[in-house]
1. (1) within 21 Å of Leu309 (Cβ to Cβ); (2) part of a loop (DSSP other than H, G, I, E, B): which one isn't true of Met83, the others all being true?
2. So, in the stretch 234-255, exactly how many residues are more than 16 Å from ligand 1 (Cβ to nearest atom) and on the phi < 0 side of the Ramachandran plot?
3. Only one of (1) part of a helix (DSSP H, G or I); (2) open to solvent by less than 30 Å² (accessible area, probe 1.4 Å) fails for Pro239. Which number is that?
4. Only one of these conditions is not met by Lys377: (1) within 29 Å of Gln287 (Cα to Cα); (2) at pLDDT 95 or above. Which number is it?
5. Here is a list of conditions, (1) modelled with pLDDT of 95 or more; (2) more than 16 Å from ligand 2 (Cβ to nearest atom); (3) surrounded by 18 or more Cβ atoms within 10 Å (Cβ to Cβ), and Glu205 meets all of them except one; can you say which number that is?
6. Which of the residues spanning the stretch 274-305 are away from ligand 1 (no atom under 16 Å from the Cβ), part of a loop (DSSP other than H, G, I, E, B) and either basic (Lys, Arg) or in contact (Cβ under 8 Å) with a residue 40 or more places away in the chain (or both)?
7. Identify, from the list Ala61, Ala42, Ala88, the residue that is touching a residue at least 12 places away in the same chain (Cβ under 8 Å), in a helix (DSSP H, G or I), within 18 Å of Thr303 (Cα to Cα) and not assigned by TED's automatic domain parsing to the domain that holds Asn275.
8. Leu259 passes all but one of (1) within 12 Å of ligand 1 (Cβ to nearest atom); (2) out of contact with any His (no Cβ under 7 Å at 6 or more places or on another chain); which number fails?
Amino acid sequence: MHLVKADVVVTSPDRNFVTLRLETDEGIVGLGDGTLNGRELAVVAYLQEHVVPLLIGRDAARIEDTWQFLYRSAYWRRGPVTMAAIAAVDTALWDIKGKAAEMPVYQLLGGASRNGLLAYGHASGKELPELFDSIREHQAQGYKAIRVQTGVPGLKSIYGIASNATYEANEGVRYDHEPAQRGDLPNEEDWDTRSYLRHVPTVFEAVRNEFGPELPLLHDAHHRLTPIQAAKLGKSLEPYDLFWLEDVTPAENQEALRLVRQHTTTPLAIGEIFNTVWDYQLIIREQLIDYVRSAVTHTGGITHLKKVLDYASQYQIKSGMHGPTDISPVGLAAQMHLGLAIHNFGIQEYMQHGERTDQVFEQSFTWQDGLLHPGDKPGLGVDLNLEEAAKYPYQRAYLPFNRLADGTVHDW
Ligand code: KDG
Ligand code: MG
């Protein structure tokens with residue numbers, strides 16, 4: 001079975017998505033997600049200019065060989081653009097293999113290791129009352145684990161707090177809490193580490209007092225701290241028994257986590273901006289983390305992320321795959337299949353896409369009693385409705401960035 005067609009579909013129903021659509025000579029269609037939030041067209045160009053011409057005529061069954069060929073023959077390795085493009089091809093080939101075998105992808109990966117995937121949602125509120133309402137709403141929707149983000153005194157806007165109120169009010173659609181804001185320039189936000197470090201433990205104390213000790217709680221520091229600040233935060237959150245503390249230090253410096261680890265037993269999660277197993281080499285071997293945050297979409301697809309997670313399993317490190325809305329329904333489905341199959345699944349981030357997105361991507365997963373399941377349709381279980389997709393052309397969008405009070409650019 002050979003590939004005869006490869007189209008890169010860009011659509012922006014609630015936000016931009018990049019989907020690779022492969023077709024075989026037997027008429028089987030496979031989908032792969034290559035969305036890189038705020039840099040979408042770089043992946044489109046990489047795919048269209050450099051990858052698609054190499055795919056036509058290739059044997060669709062040779063997933064590992066195609067992965068190695070795309071990775072090694074480029075000579076230039078790693079990086080988010082390259083790895084998202086390879087992920088799109090790899091995921092689409094798994095979709096094709098599942099359809100050809102008439103099996104859901106998780107069966108090809110060894111079959112289910114569990115009945116469903118524990119998922120966490122994003123509760124947020126600028127102040128405590130809004131935050132508590134948001135946690136209750138998530139519980140009412142069935143979430144059994146909840147990420148908690150709040151405002152910080154003195155800061156106007158901050159990562160993780162819904163800034164979609166205006167958009168919602170104006171356009172009547174649900175945007176999300178992780179905007180790559182549509183527009184010609186990125187939004188500027190502000191940041192103050194001392195205020196954040198003082199405030200966050202008080203929020204978790206209030207949440208534990210209100211919701212009790214059982215509810216698994218997570219928090220994302222989003223790369224904004226130095227190692228010693230991160231160590232301090234981990235220590236100060238210990239009484240509130242977090243499920244994990246995410247991205248405490250900028251991901252580039254993996255050795256930073258040694259220092260954090262020496263000071264705190266709060267579990268650590270990292271890796272949503274990592275692309276390969278080599279980014280994890282030191283922190284997995286030295287057991288500096290507890291959860292791998294990589295997404296199928298940004299880590300070379302199912303083939304490569306499975307290798308990362310198999311390596312992690314030797315050290316009792318589990319998966320915590322990245323699942324905000326900038327992972328498309330295709331990418332999310334791919335990681336549900338992977339998460340269902342591997343033994344060292346930990347938790348799946350699940351933010352829920354908007355209605356328009358769900359019309360463009362027809363999905364067959366289930367979400368019941370706080371557990372996700374990818375469903376049993378052959379392949380990934382997602383169809384792309386091309387007519388719907390064509391209604392929503394690409395819109396330029398940027399992630400926000402931070403400046404300190406003195407004007408210095410800071411991690412967002
Ligand atoms: O595109 C950036 C988002 O994917 C990121 O901000 C989301 O940190 C994130 C998370 O944990 O979901
Ligand atoms: Mg994160």
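The values are calculated or read from the model by the stated rules, or taken from the named source; none is laboratory data. As the structure is a prediction and not an experimental result, all values here were calculated from the model. Positions of Cβ are backbone-derived with ideal geometry, glycine not excepted, and every protein chain shown enters the neighbour counts. Just so you know, the surface numbers come from the protein's heavy atoms only, side chains and all, with ligands and any DNA or RNA stripped out. Shrake-Rupley method; radii C 1.70, N 1.55, O 1.52, S 1.80 Å.
1. So Met83 meets the others, but not (2).
2. We begin by selecting, within the stretch 234-255, every residue more than 16 Å from ligand 1 (Cβ to nearest atom); these are 234-241, 253-255.
The next check asks that each one be on the phi < 0 side of the Ramachandran plot; those that pass are 234-240, 253-255.
Within the stretch 234-255, residues that are more than 16 Å from ligand 1 (Cβ to nearest atom) and on the phi < 0 side of the Ramachandran plot number 10.
3. (2)
4. Only one criterion is unmet by Lys377, namely (1).
5. Result: Glu205 passes all but (3).
6. Thr276, Gly300
7. Numbers: Ala61 fails: in a helix (DSSP H, G or I); Ala42 fails: within 18 Å of Thr303 (Cα to Cα).
That would be Ala88, the only listed residue that is touching a residue at least 12 places away in the same chain (Cβ under 8 Å), in a helix (DSSP H, G or I), within 18 Å of Thr303 (Cα to Cα) and not assigned by TED's automatic domain parsing to the domain that holds Asn275.
8. So Leu259 meets the others, but not (1).
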